[in-house]
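Participant: One structure follows; several queries about it will come next.
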Ligand SMILES: [Zn+2]
């Protein structure tokens, strides 16, 4: 028996009717490293966008109880090698909403994106691969026996053409694993940086060498790429400065700091583990590696068995044709800890199945550095995982401006976790144990972790692509 209401009252009722959002995160501790917001709020999500952040309760088709939990931008991993469904599940449980293969890149960016379109739990993307472009031009294998010969000027031109095409296909920068391509001359490196500068995309690089022995020290290797950035104007991101810098990681960080202080766009990242992992038959273990890196055979460990190598065992495995991964115990905890808490250092996992960093990197930073050591605040840890990597990507893609932020208008890539219990469970012996403590994860507004478990049958992950590449003139 509705009776006609006066128009004024009707309008009032309409204005007062609560807006309904698709998803509301109720009453969490909302943290945004860019604005510094750290307060209890409701977050209203509509479609794939954070539509509203409110001190007043919001109404939603689905309301998730975030009381007592942190609500933050989903983590952006700039360095994820394993790009498959199994890895994406582990990344999601570690709080990652975007996982990118930027260090080495992929040989065919278009195919990489196509294979994952509509099938991916989280966002993904890749760099144009300098090692792969070299292999395509010079015809040498990768990664085994990667001592590819130097390229002549015409070959370098063809490498550049290949890379340019891959950037047009969506590559988010140029990945240069210089340590894996020792045949690449300084001149080839500079020419590649020149291309990155022309195309306004960053170079992501595993520097040429590590250790303390000159020539070929970590410091020389970091200096090489900083010089290449300085003379070409390219943006530079030095990957895993913890393992590439090794015992001189802090000195290498000081180089990055000094370059930035002089106006260069140089950034870096690290993963929170003392051991690295790489292929025992790669160029990294060419003769002289022990002296160079200050390591011995026993610092190498087979991940599945825990076997520490002897000289004989090393020789056999190094000479074997099939690639085999080894843990390399390169850094004492004190160095890793100092690197991780350095304000310039982003967190990136270098994720690879047999190493616990694949599953546990992000949760470990909270468990070890925020809770146990209290050497990082929660906000500082979040900044290293969200805002800093988003900013690194902004020169390559405008889409990055909407990521890494918990703000109205930003992409609805959101992690909701318990700061008191989030922890890594992956170990060197058991590297695929998922992290615990991530309660909810939204990717483009779709729930992919619900109540601590991965949601089956959803694939909201999108390809993140470069929008700056230009064809050859
Ligand atoms: Zn690397």
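The values are calculated or read from the model by the stated rules, or taken from the named source; none is laboratory data. Note that the structure is a prediction, hence the values are computed from the model and not measured. Quick reminder, even Gly has a Cβ in these numbers, built from the backbone with ideal geometry, and neighbours come from all protein chains shown.
Participant: Determine, yes or no, whether residue 231 is buried (at least 16 other Cβ atoms within 10 Å of the Cβ), within 21 Å of residue 173 (Cβ to Cβ) and modelled with pLDDT of 95 or more.
Facilitator: It is false that residue 231 is buried (at least 16 other Cβ atoms within 10 Å of the Cβ), within 21 Å of residue 173 (Cβ to Cβ) and modelled with pLDDT of 95 or more.
Participant: Another question about this same structure. In the range 166-176, which residues are over 18 Å from residue 240 (Cβ atoms) and either modelled with pLDDT under 95 or buried (at least 24 other Cβ atoms within 10 Å of the Cβ) (or both)?
Facilitator: 166, 167, 171
Participant: Mind checking which residues of the range 107-119 are surrounded by fewer than 24 Cβ atoms within 10 Å (Cβ to Cβ) and either out of contact with any strand residue (DSSP E or B) (no Cβ under 8 Å at 6 or more places or on another chain) or within 23 Å of residue 237 (Cα to Cα) (or both)?
Facilitator: Selection gives 107, 108, 110, 111, 112, 113, 114, 115, 118, 119.
Participant: Sticking with this one: Exactly one condition in (1) more than 16 Å from the ligand (Cβ to nearest atom); (2) assigned to a loop (DSSP other than H, G, I, E, B); (3) within 23 Å of the chain's Cα centre (by Cα) is not met by residue 273; state its number.
Facilitator: (1)
Participant: Since residue 179 meets every condition but one in (1) within 16 Å of the ligand (Cβ to nearest atom); (2) in a loop (DSSP other than H, G, I, E, B); (3) surrounded by fewer than 22 Cβ atoms within 10 Å (Cβ to Cβ), which condition does it not meet?
Facilitator: (2)
Participant: Residue by residue through the range 163-176, note down the ones that are within 14 Å of the ligand (Cβ to nearest atom) and either free of Cβ contacts under 8 Å to residues at least 60 places away in the same chain or under 14 Å from residue 284 (Cα atoms) (or both).
Facilitator: Within the range 163-176, just 176 meets the criteria.
Participant: Is it fair to say residue 239 is closer than 20 Å to residue 216 by Cα and surrounded by 23 or more Cβ atoms within 10 Å (Cβ to Cβ)? Talk me through it step by step, then tell me what you get.
Facilitator: Working: closer than 20 Å to residue 216 by Cα: yes; surrounded by 23 or more Cβ atoms within 10 Å (Cβ to Cβ): yes.
For residue 239, the condition - closer than 20 Å to residue 216 by Cα and surrounded by 23 or more Cβ atoms within 10 Å (Cβ to Cβ) - is met.
Participant: Looking at the structure I just gave you, is residue 392 in a helix (DSSP H, G or I) and more than 15 Å from the chain's Cα centre (by Cα)? Spell out the reasoning first.
Facilitator: Working: in a helix (DSSP H, G or I): yes; more than 15 Å from the chain's Cα centre (by Cα): no.
No: the conditions fail for residue 392.
Participant: Looking only at the range 231-261, count every residue that is outside any helix (DSSP H, G or I) and away from the ligand (no atom under 16 Å from the Cβ) and tell me the total.
Facilitator: So the count comes out to 3.
Participant: Take residues that are surrounded by 21 or more Cβ atoms within 10 Å (Cβ to Cβ) and under 22 Å from the mean Cα position of the chain (by Cα) and tell me which of the helices (runs of 4 or more DSSP H) falling wholly in the range 304-379 contain 2 or more.
Facilitator: Working: elements: 311-319, 333-341, 357-364.
Fully inside the range 304-379 and qualifying: 333-341, 357-364.
Participant: Just name the residue that is farthest from the ligand (Cβ to nearest atom) out of those in the range 79-105 that are surrounded by fewer than 23 Cβ atoms within 10 Å (Cβ to Cβ) and in contact (Cβ under 8 Å) with a residue 40 or more places away in the chain.
Facilitator: Per the stated criteria, the residue is 89.
Participant: Okay, next question. Out of all the residues in the range 395-428, which are in a loop (DSSP other than H, G, I, E, B), in contact with a strand residue (DSSP E or B) (Cβ under 6 Å, 6 or more places away or on another chain) and surrounded by 20 or more Cβ atoms within 10 Å (Cβ to Cβ)?
Facilitator: 403, 404, 405, 406, 410, 412, 413
Participant: Of all residues in the range 429-439, count the ones that are buried (at least 18 other Cβ atoms within 10 Å of the Cβ) and either under 16 Å from residue 325 (Cβ atoms) or modelled with pLDDT under 95 (or both).
Facilitator: Looking only at that region, the number is 1.
Participant: Taking only the range 107-132 into account, find how many residues are within 15 Å of the ligand (Cβ to nearest atom) and assigned to a strand (DSSP E or B).
Facilitator: 3
Participant: Continuing with this model, one more query. Check off (1) in a helix (DSSP H, G or I); (2) under 18 Å from residue 135 (Cβ atoms); (3) touching a helix residue (DSSP H, G or I) at 6+ places or on another chain (Cβ under 7 Å) for residue 223 and give me the number that stays unchecked.
Facilitator: Among (1) in a helix (DSSP H, G or I); (2) under 18 Å from residue 135 (Cβ atoms); (3) touching a helix residue (DSSP H, G or I) at 6+ places or on another chain (Cβ under 7 Å), the lone unmet condition for residue 223 is (2).
Participant: Still on this structure, I have one more. Looking at (1) more than 20 Å from residue 258 (Cβ to Cβ); (2) within 16 Å of the ligand (Cβ to nearest atom), which is the only condition residue 197 fails?
Facilitator: Tallying (1) more than 20 Å from residue 258 (Cβ to Cβ); (2) within 16 Å of the ligand (Cβ to nearest atom), residue 197 fails exactly one: (2).
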